[in-house]
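Participant: Here you go, one structure.
The values are calculated or read from the model by the stated rules, or taken from the named source; none is laboratory data. Keep in mind it's a predicted model, so treat the numbers as computed, not measured. Neighbour counts are summed over all protein chains in view; Cβ atoms, including those assigned to glycine, are modelled from backbone coordinates with ideal geometry. Ligands, DNA and RNA are excluded from the accessible area calculation, which covers all protein heavy atoms including side chains. Shrake-Rupley method; radii C 1.70, N 1.55, O 1.52, S 1.80 Å.
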Amino acid sequence: NDGGGVEVDRIEQNNFIADSNLFEIGVKAGRGDLFAAIALYRQKRQRSDPFGNLDEETSKGLEAELKYLISDNWSLTSAFTLQEAKIGAPGPCGSGNGEFIVLPPQSLGIAGVDGYGGLFAALNASCLPELQNSYKRRTTPDVTASGFITYTSPRTDLGVFGATAGVLYIGETGGKIADAIRIPDYALGKASFFWSFDNLSLTAHVDNLFDKRHFIPVQNVYEEVGVLPGRGREFSVTLKAFF
């Protein structure tokens, strides 16, 4: 369910784990200090929700990775993903296929402020005409990418130290109904520092380095009616001693 649990009746019916088919083909290549990999995949699986609705989800995409050892001290890593997840045609209303969907009041011609204190929903996606011929899961971004550069010092009298810095990009997301909310893409900076000497090690990390304002989609039932604020700049420092 939404909290990640498994309902008791699903266990008794032996249907809380569904079959899936995954096909993947790829190529890996390396020469000297350069390594690259690219793969295409396609997965089909059946999903169910606590209301007994069934749907078939097909995910497909491309994944690529590139690593380059510039020197003994410098290295580059990057990754790119292009992906799409679609739900098979739920069919006519009442078929019991597709997901349970909470609807924004505006989709029913009701002003948003007048919708407070209530909940509007479709028991399954087959009851919405625009979703009856399959629909895309937009809470998963179509594109994600990242690039990082790392420096590692040679061994010195003060130990070994280094740093990593880079950017993570997340593409546009949103809901699946007609005129659904769209959440813009964003890029987050990240940086880390590390140092080790004898039995001591220190790591410092900062997420969302430039304190970028961004939002992420609510997953599952409430994805059509709400978004979550992304986390702002965060620092963490860890000191370890081994003995």
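Participant: For the stretch 217-243, give me each residue that is of a type in the set (Val, Ile, Thr), open to solvent by 60 Å² or more (accessible area, probe 1.4 Å) and under 30 Å from ALA178 (Cα atoms).
Facilitator: VAL225
Participant: Mind counting the residues in the stretch 186-195 that are closer than 17 Å to SER236 by Cβ and either open to solvent by 30 Å² or more (accessible area, probe 1.4 Å) or modelled with pLDDT under 95 (or both)? Break it down into steps so the answer makes sense when it comes.
Facilitator: If we filter the stretch 186-195 for residues that are closer than 17 Å to SER236 by Cβ, which is where we start, we get 188-195.
After this cut, where a residue has to be either open to solvent by 30 Å² or more (accessible area, probe 1.4 Å) or modelled with pLDDT under 95 (or both) as well, the list is 190, 192-195.
Residues meeting the conditions: 5.
Participant: Looking at (1) at pLDDT below 85; (2) over 22 Å from GLY174 (Cα atoms); (3) within 28 Å of the chain's Cα centre (by Cα); (4) of a type outside the set (D, E, K, R), find the lone condition where SER48 falls short.
Facilitator: Of everything listed in (1) at pLDDT below 85; (2) over 22 Å from GLY174 (Cα atoms); (3) within 28 Å of the chain's Cα centre (by Cα); (4) of a type outside the set (D, E, K, R), SER48 misses just condition (2).
Participant: Let me ask something additional. Look through GLY147, GLY118, GLY162, GLY166 and report the one residue that is open to solvent by less than 70 Å² (accessible area, probe 1.4 Å), not in a strand (DSSP E or B) and not hydrophobic (A, V, I, L, M, F, W, C).
Facilitator: Selected residue: GLY118, the only one of GLY147, GLY118, GLY162, GLY166 that is open to solvent by less than 70 Å² (accessible area, probe 1.4 Å), not in a strand (DSSP E or B) and not hydrophobic (A, V, I, L, M, F, W, C).
Participant: Which one of these is open to solvent by 80 Å² or more (accessible area, probe 1.4 Å), more than 28 Å from ILE149 (Cβ to Cβ) and in a strand (DSSP E or B): GLU63, GLU56?
Facilitator: Going through GLU63, GLU56 in turn, the sole match is GLU56.
Participant: Pairs please, first residue from the stretch 109-135 and at pLDDT 85 or above, second anywhere and open to solvent by 90 Å² or more (accessible area, probe 1.4 Å) and of a type in the set (A, V, I, L, M, F, W, C), Cβ atoms under 9 Å, 6+ apart in sequence or on different chains.
Facilitator: Correct list of pairs: PHE120/LEU108.
Participant: Of the residues in the stretch 89-111, how many are more than 14 Å from SER126 (Cα to Cα) and in a loop (DSSP other than H, G, I, E, B)?
Facilitator: Residues meeting the conditions: 4.
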